[in-house]
Amino acid sequence: AIIPNRHWFTDVTEFHLKDQKLYLSPIIDGCTQEIISYNISRHPDLKQVMTMLDDAFEKHPALNGLIFHSDRGWQYQHQA
């Protein structure tokens with residue numbers, strides 16, 4: 001991507017820390033590689049993804065032509 005805020009990429013990654021699991025859900029800009037928004041949660045659920053998206057669109061409210069890439073996991077297939 002050559003234009004900032006045109007392509008965003010996301011996925012949920014699981015981390016094992018001692019006796020618990022944590023889940024990181026970031027949005028990364030395809031041009032700048034900047035982290036636009038992220039959320040860390042103990043559960044990989046829809047609330048985690050919606051919180052991350054709400055934060056991203058609060059920071060960048062007027063995006064035209066944005067292409068949002070994900071692994072199309074179940075968290076990204078829910079209707080808002």
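Read-outs: derived from the displayed coordinates by stated rules, not from any lab. Computed from a predicted model, the values in this text were never measured in an experiment. Quick reminder, even Gly has a Cβ in these numbers, built from the backbone with ideal geometry, and neighbours come from all protein chains shown.
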Once the Cα atoms of helix 46-59 and of the chain are each reduced to a long axis, what angle between those two axes, in degrees from 0 to 90 to the nearest 10, is obtained? 30
Under the definition of Cα pairs under 8 Å and six or more residues apart, what whole-number percent is the relative contact order of the chain? 31
Relative counts (whole %) of C-alpha pair distances in region 7-76, using bins that are 10 Å wide: 20, 53, 23, 4, 0
Net charge dipole size for the chain [Lys, Arg +1 and Asp, Glu -1 on Cβ; Debye, nearest 20]: 80
